[in-house]
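Structure record follows, encoded as C-alpha cells.
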Amino acid sequence: MKQYGIAIHGGAGTILKSSMTPDQQAAYEAGLHDALTIGNGILSKGGSALDAVAAAVACLEDCPLFNAGKGSVFNHNGAHEMDAAIMYGADLSAGAVCGIQKVKNPVLVARAVMEHSGHVMLSGEGALAFAQAQQMPTADDDYFYVAHRYNQWQEALKEDRIQLDHSDKKYSTVGAVAKDVHGHLAAATSTGGLTNKKFGRIGDSPIIGAGTYANDATCAISCTGVGELFIRSVVAHDISCLMEYKGLSLQAACDVLVHDKLLKIGGEGGLIAIDAHGNIALPFNSEGMYRGHWLEGEALSISIYK
C-alpha cells in the first residue's frame, strides 16, 4: 500500500507526437512537472490530499498552455467562463463554481464554496460576488488573453461552430487526485470549457459525480473529455459505485467506464484516479492525454501519448 500519491491531467484528445514540436512537448511536460512537484511536496510533508489537489490544479490554472484559469478559451461573446470543482473523500464535502469570470484560480473559489458558503455549487455573477467577498485574486480580461486561444475563437466564429479547445480535438481540462498519509482522498477539476460556447453551457467538470468525485471508501476521480457524455454517464460516481457495490478494482472499474460505457455513446476522453490503497489508474480512449503521477517511493512520471 502506498501511504501517499498524486496524479494529474492536463486534458485528453487527439494528441500526436507528429503534430508537436520538441519545444511544445517540453513546455507541456514542464507544466505538468511543476504541478506534480507542488502537490507531492505537500503530501510528502504530511499535508492533506485536499491541499495537494488544490495547489496542483491552481498551478495548472496559472499555466497558459492548459484550458483552465489563465489559459481558458473564449466563449461566443469573447469572454472567459470557467468551471471548477473540488471534493474531499473524508466527509464527502464538495464545492464547485460554474460560468465564473475574472477569477485567477477557480479551483480555490470552489474550495471556498465548500468550506465557507454552506452550498455546493455557485454560478455566474453570484459565484464572482462570493469570490470577491472571500478576497480571491481576480484579474481584468487582459490577464486571460492568450494568442492561440484568441485565434481558435476567431476560427470558430467564422465557421459558426463550437469546438473542444483545439481544432484537432484536445479536451484540455485540468485535474488532480491524491491520497495523503492520513488515508484521505481528494479530487479537483478545472476548465475553461468549449471555444465559442453559447447559452451559458456547463460541462462535467464542476458537476459532482460526473467529472469530479472523491470518497475515502473507494477512490478519487477527475475526468477530461466530451463533457455532455460524461454527465450522461455520471462517470466519476459510477466508478466509485462499481468498486463499492460490485467489488471491482480501481483499474477494472475505470476500464468499464472509459473503454465500454463511454465508447458505446461516442464519449471520447479519459480520467485520472487513485484508490484508498494508493493504486493509480490513468485510462483514456483518445490518442493521448497529458498526465503524470508521483507515488511514495517511486520516481515522478509524465506521459502524453498513447
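The values are calculated or read from the model by the stated rules, or taken from the named source; none is laboratory data. Just so it is clear, the structure is predicted and the values come from calculations on it, not from any experiment. Counting neighbours? That spans all protein chains shown, and the Cβs are built from the backbone with ideal geometry, glycine included.
Has region 231-241 got any residue that is small (Gly, Ala, Ser), touching a Phe, Trp or Tyr at 6+ places or on another chain (Cβ under 8 Å) and not in a loop (DSSP other than H, G, I, E, B)? Working first, answer last.
Taking region 231-241 and keeping what is small (Gly, Ala, Ser), we get 233, 236, 240.
After this cut, where a residue has to be touching a Phe, Trp or Tyr at 6+ places or on another chain (Cβ under 8 Å) as well, the list is 236, 240.
Checking the rest, the ones that are also not in a loop (DSSP other than H, G, I, E, B) come to 236, 240.
Yes, region 231-241 contains a residue that is small (Gly, Ala, Ser), touching a Phe, Trp or Tyr at 6+ places or on another chain (Cβ under 8 Å) and not in a loop (DSSP other than H, G, I, E, B).
Would you check if ALA281 is buried (at least 23 other Cβ atoms within 10 Å of the Cβ), closer than 19 Å to ALA49 by Cα and in contact (Cβ under 8 Å) with a residue 24 or more places away in the chain?
Yes.
I want to confirm something. Restricting to region 1-22 and keeping residues that are of a type in the set (A, V, I, L, M) and under 17 Å from ALA186 (Cα atoms), which single residue is farthest from the chain's Cα centre (by Cα)? Give the steps one after another, and end with the answer.
Within region 1-22, the first condition is being of a type in the set (A, V, I, L, M), and the residues that meet it are 1, 6-8, 12, 15-16, 20.
Checking which are under 17 Å from ALA186 (Cα atoms) leaves us with 6-8.
Numbers: ILE6: 13, ALA7: 11, ILE8: 8 Å.
That would be ILE6.
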Inset, instruction - Could you tell me whether GLY288 is touching a residue at least 60 places away in the same chain (Cβ under 8 Å), touching a helix residue (DSSP H, G or I) at 6+ places or on another chain (Cβ under 7 Å) and over 22 Å from HIS184 (Cβ atoms)? - result: no
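Would you confirm, using the coordinates I've provided, whether GLU268 is in contact with a strand residue (DSSP E or B) (Cβ under 9 Å, 6 or more places away or on another chain) and either within 27 Å of ASP34 (Cβ to Cβ) or charged (D, E, K, R) (or both)?
Working: in contact with a strand residue (DSSP E or B) (Cβ under 9 Å, 6 or more places away or on another chain): yes; either within 27 Å of ASP34 (Cβ to Cβ) or charged (D, E, K, R) (or both): yes.
Considered against the rule, which asks whether it is in contact with a strand residue (DSSP E or B) (Cβ under 9 Å, 6 or more places away or on another chain) and either within 27 Å of ASP34 (Cβ to Cβ) or charged (D, E, K, R) (or both), GLU268 comes out as yes.
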Legend entry - Number of the exception - HIS259 against (1) surrounded by 24 or more Cβ atoms within 10 Å (Cβ to Cβ); (2) without any contact (Cβ under 8 Å) to a residue 40 or more places away in the chain: (1)
Inset, instruction - Six or more apart or on different chains, Cβ under 6 Å: which pairs go from a residue in region 196-214 that's closer than 20 Å to VAL258 by Cβ and touching a residue at least 12 places away in the same chain (Cβ under 8 Å) to one that's β-branched (Val, Ile, Thr) and crowded, with 24+ Cβ neighbours inside 10 Å? Could you list them? - result: SER205/THR173; SER205/THR189; SER205/THR191; GLY211/THR189; THR212/THR189; TYR213/ILE221
Legend entry - Of the criteria (1) over 13 Å from the mean Cα position of the chain (by Cα); (2) not in a loop (DSSP other than H, G, I, E, B), which one HIS182 fails: (2)
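Residue-by-condition table, conditions (1) in contact with a Lys or Arg (Cβ under 9 Å, 6 or more places away or on another chain); (2) surrounded by fewer than 24 Cβ atoms within 10 Å (Cβ to Cβ); (3) more than 20 Å from ILE272 (Cβ to Cβ):
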{"site": "ASP142", "(1), (2), (3)": "no, yes, yes"}
{"site": "ALA186", "(1), (2), (3)": "yes, no, no"}
{"site": "GLY193", "(1), (2), (3)": "yes, no, no"}
{"site": "TYR213", "(1), (2), (3)": "no, no, no"}
{"site": "THR224", "(1), (2), (3)": "no, no, no"}
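A quick yes/no check of all residues on (1) touching an Asp or Glu at 6+ places or on another chain (Cβ under 8 Å); (2) under 26 Å from TYR88 (Cβ atoms):
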position: ILE202; (1), (2): yes, yes
position: THR224; (1), (2): no, yes
position: LEU250; (1), (2): yes, yes
position: LEU295; (1), (2): no, yes
position: ILE304; (1), (2): yes, no
Inset, instruction - Return a yes/no flag: does region 195-217 have any residue that is modelled with pLDDT under 90, under 27 Å from SER19 (Cβ atoms) and polar (S, T, N, Q). - result: yes
